[in-house]
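I have placed the structure first, in the form of structure tokens, so that the comments after it can refer back to it.
The values are calculated or read from the model by the stated rules, or taken from the named source; none is laboratory data. As the structure is a computational prediction, the values presented were derived from the model and not from experiment. In this analysis, Cβ positions are derived from the backbone assuming ideal geometry, glycine residues included, and neighbour counts consider all displayed protein chains. These accessible areas exclude ligands, DNA and RNA; they are computed on the full protein's heavy atoms, side chains included. Shrake-Rupley method; radii C 1.70, N 1.55, O 1.52, S 1.80 Å.
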Amino acid sequence: MDIQIENLTKSYGPQKAVNNINFDVKTGEVLGFLGPNGAGKSTTMKMITGYIGIEKGDIRIGGKSLTDPESNFKQHIGYLPENNPLYLDMPIIDYLEFCAALQGVEKTKIDDRIKEMIGLCGLNREKHKKIGELSKGYRQRVGLAQAMIHDPEILVLDEPTTGLDPNQIIEIRKLIRDLGKEKTVILSTHILPEVEATCDRILIINRGNIVANGTPETLRKQAQGNEVLKLRIEDGDVETILKSLNALDTVQEADLVHREENLFEVQSVAQQSSKRNIFNLCVEKKWVLTELTPLETKLEDIFRNLTVN
Amino acid sequence: MHTIWTIAKRELATFFDSLIAYIILALFLGFSGFFTWLYGNDIFLVGQANLRVFFNIASWSLFFFIPAITMKMLAEERKTGTLELLLTKSVSDREVILGKFLGSILLICIALTATLPYVITVANIGNLDNGGTICGYLGLLLLSIAYTAIGIFASSITTNQIVAFMTALLIGLFFQIIFGVLAQNFTGSLGQFFDTLDLQSHFESISRGVLDSKDLVYFLSITVLGLYLGEWSLSKRHIS
């Protein structure tokens, strides 16, 4: 099921939490919702899941507007809210049964679904405990299990991996990736490696506005511009090397970074790569090329550039 | 309807899991039993084979205990954030309110059923007025749904259970005592107005065995108004 968000706006008092944003999410896509604290991620998610009303604009799920009283959109959405609220005094199985019943899972199928979820989320060892007795990581799994209990076509996960240990994080990310093949997944996070590991597309939001939208690669390309290479060339005079590098026609600028270690940084002309030319130059002059590393703009840098100020 | 029942069942299960139900049942039975059988204007002092004494005491116990039952219903869910989880399932605000309402009413019904031995005892002592007894229980039930609706509304406006309890008690106090006192102190149409609002007089007329549609309408209007306000207070999240 696709989600279309059109001119969505929501303000709390004079402050605009979400300001006229537009985006689509398609089936089989994992969308990473990225932004600093208070950027409007959770507010947007709350509107998609129908917890808070839409002030202006529209959200359409499977072509139907949420404001249409006939659309029972909540049945198609599985939602893991921020901070993962749960009924701590309920046993896990009772809780999952309650959620399944509310989401309209057929009575005869409830038991099977619960078993499946317990297996999928790795809750088997703890299944007879009360939720309040579980550690944070297991509670997070219960939160995921309740979101998926009715096999929804859309999953909205607000910071799904907080509180998990590194092994669990990897498992949950894999789970999200697998789910994302058939379902529509929106997940919010401020852990950047998580986005790269799980998401097909990134949406960066800052102060209620979308500041970037694209795959991790396209964002990186946009932010990076020209190719930057880190080089170490030995067996030659530093000044000569620098001069020769600057003389190459694909090189825009070559700098000496570290004299003793013969480290250089080379920026190429737009849309061109200097790797081959540098290699050929070294072969020709009998210099030894001991290091050639392309410097990638990290997602962190993109994020900082777009959201700081 | 199915959703309302699911929510009500969960509420009831939570009551019994967390001991609240047992404490409330024990206190309700202890309190009403003590004043019915052992102390003050008890059944032996009155010397009549009816349960008028019990109905009077029970109405006061319910007045105190219902806010204790309803106080956590929405306040706690709001505080822990589970309200968000609940309302993003495929349920409407109204179903949540009605489910919680039904859950507490069921607990109260269990408490009232547990007083049936009183009826059997009195029936063995003398000639019990069956119609009057049934009306008395009906009166208690009507009073309970009104106070439960008030309690749920009070719980919906705050995240603090104590505030919810106090608010419910305060609103209840008006119906239980204050309107009655005002009715005695004013004459004419104003006095009549307060008399209409006084819950005790409506309750007494039912528990005396007089079934008047006026009283039914009175209790049902408080209930509907309380539940409606509760729903309205939940829906306020959409506009803030």
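Taking the stated definitions as given, is residue B:167 open to solvent by 20 Å² or more (accessible area, probe 1.4 Å) and modelled with pLDDT of 95 or more?
Yes: the conditions hold for residue B:167.
What pairs come out if I take residues in segment A:38-54 that are more than 8 Å from chain B (Cβ to nearest Cβ) and pair them with residues that are open to solvent by less than 10 Å² (accessible area, probe 1.4 Å) and assigned to a helix (DSSP H, G or I) whose C-beta lies under 6 Å away, six or more apart or interchain?
A:54/A:47
Select from segment A:265-285 the residues that are over 34 Å from the mean Cα position of the chain (by Cα) and hydrophobic (A, V, I, L, M, F, W, C) and list them in ascending order.
Answer for segment A:265-285, where residues must be over 34 Å from the mean Cα position of the chain (by Cα) and hydrophobic (A, V, I, L, M, F, W, C): A:278, A:279, A:281, A:282, A:283.
Output the residues belonging to segment B:70-124 that are among the acidic types (Asp, Glu) and more than 20 Å from the chain's Cα centre (by Cα).
B:77, B:84, B:93
Applying the selection to segment B:70-88, what residues are open to solvent by 10 Å² or more (accessible area, probe 1.4 Å) and among the charged types (D, E, K, R)?
B:72, B:76, B:78, B:79, B:84, listed by residue number.
Kindly indicate the residue of segment A:61-104 that is over 22 Å from residue A:129 (Cα atoms) and among the charged types (D, E, K, R) and also nearest to the other protein chains (Cβ to nearest Cβ) among those meeting that condition.
Looking at the filtered set, the residue picked out is A:74.
Based on what the data block shows, is residue B:7 out of contact with any strand residue (DSSP E or B) (no Cβ under 8 Å at 6 or more places or on another chain) and surrounded by 22 or more Cβ atoms within 10 Å (Cβ to Cβ)?
yes
Please verify whether segment B:101-110 includes one or more residues that are at pLDDT 90 or above, among the polar types (S, T, N, Q) and buried (at least 19 other Cβ atoms within 10 Å of the Cβ). Steps first, please.
To start, the set of residues in segment B:101-110 that are at pLDDT 90 or above comprises B:101-110.
Add one more test, that the residue is among the polar types (S, T, N, Q), and what stays is B:104.
Then drop every residue that is not buried (at least 19 other Cβ atoms within 10 Å of the Cβ), which leaves B:104.
Within segment B:101-110, one or more residues are at pLDDT 90 or above, among the polar types (S, T, N, Q) and buried (at least 19 other Cβ atoms within 10 Å of the Cβ).
Within segment B:11-22, is even one residue surrounded by fewer than 20 Cβ atoms within 10 Å (Cβ to Cβ), on the phi < 0 side of the Ramachandran plot, within 14 Å of another protein chain (Cβ to nearest Cβ) and outside any helix (DSSP H, G or I)?
Yes, segment B:11-22 contains a residue that is surrounded by fewer than 20 Cβ atoms within 10 Å (Cβ to Cβ), on the phi < 0 side of the Ramachandran plot, within 14 Å of another protein chain (Cβ to nearest Cβ) and outside any helix (DSSP H, G or I).
Consider segment A:82-106. How many of its residues are in contact with an Asp or Glu (Cβ under 9 Å, 6 or more places away or on another chain) and among the β-branched types (Val, Ile, Thr)?
The number of residues fulfilling the criteria is 2.
Identify, by number, the condition in (1) modelled with pLDDT of 90 or more; (2) assigned to a helix (DSSP H, G or I); (3) away from chain B (no Cβ under 12 Å) that residue A:138 doesn't meet.
(1)
Name the single residue that is nearest to residue A:230 (Cα to Cα) among those in segment A:267-292 being modelled with pLDDT of 85 or more and outside any helix (DSSP H, G or I).
The qualifying residue nearest to residue A:230 (Cα to Cα) is A:292.
Tell me, which strands (runs of 3 or more DSSP E) lie completely within segment A:142-222 with 1 or more residues that are open to solvent by less than 30 Å² (accessible area, probe 1.4 Å) and more than 22 Å from residue A:300 (Cα to Cα)?
In segment A:142-222, A:154-158, A:184-189 are the strands (runs of 3 or more DSSP E) which contain 1 or more residues that are open to solvent by less than 30 Å² (accessible area, probe 1.4 Å) and more than 22 Å from residue A:300 (Cα to Cα).
Working only within segment A:259-287, note down all residues that are touching a strand residue (DSSP E or B) at 6+ places or on another chain (Cβ under 7 Å) and open to solvent by 60 Å² or more (accessible area, probe 1.4 Å).
A:261, A:265, A:267, A:275, A:279
Write out, first by first residue and then by second, each pair whose Cβ atoms fall under 6 Å of each other, whose residues are 6+ apart or on separate chains, and whose first residue, in segment B:77-93, is within 8 Å of another protein chain (Cβ to nearest Cβ) and among the basic types (Lys, Arg) while the second is open to solvent by less than 30 Å² (accessible area, probe 1.4 Å) and in a helix (DSSP H, G or I).
Here the result reads B:89/A:102, each pair linking segment B:77-93 to a residue that is open to solvent by less than 30 Å² (accessible area, probe 1.4 Å) and in a helix (DSSP H, G or I).
Is it the case that some residue within segment B:154-177 is part of a helix (DSSP H, G or I), under 21 Å from the mean Cα position of the chain (by Cα) and more than 30 Å from residue B:7 (Cβ to Cβ)?
Within segment B:154-177 (the criterion being part of a helix (DSSP H, G or I), under 21 Å from the mean Cα position of the chain (by Cα) and more than 30 Å from residue B:7 (Cβ to Cβ)), the answer is yes, since at least one residue qualifies.
Since residue A:26 meets every condition but one in (1) within 24 Å of residue A:195 (Cα to Cα); (2) without any contact (Cβ under 8 Å) to a residue 12 or more places away in the chain; (3) of a type in the set (Lys, Arg), which condition does it not meet?
Going through (1) within 24 Å of residue A:195 (Cα to Cα); (2) without any contact (Cβ under 8 Å) to a residue 12 or more places away in the chain; (3) of a type in the set (Lys, Arg) one by one, residue A:26 breaks only (2).
Going by what's in this entry, would residue B:62 be described as closer than 30 Å to residue A:78 by Cβ and open to solvent by less than 20 Å² (accessible area, probe 1.4 Å)?
No, not satisfied.
Does residue A:248 count as aliphatic (A, V, I, L, M), outside the structural domain of residue A:271 (by TED's automatic domain parsing) and buried (at least 17 other Cβ atoms within 10 Å of the Cβ)?
Answer is no for this residue.
Give the residues of segment A:115-130 that are more than 28 Å from the chain's Cα centre (by Cα) and either among the acidic types (Asp, Glu) or open to solvent by less than 40 Å² (accessible area, probe 1.4 Å) (or both), sorted by residue number.
Hit for segment A:115-130 is A:126, nothing else.
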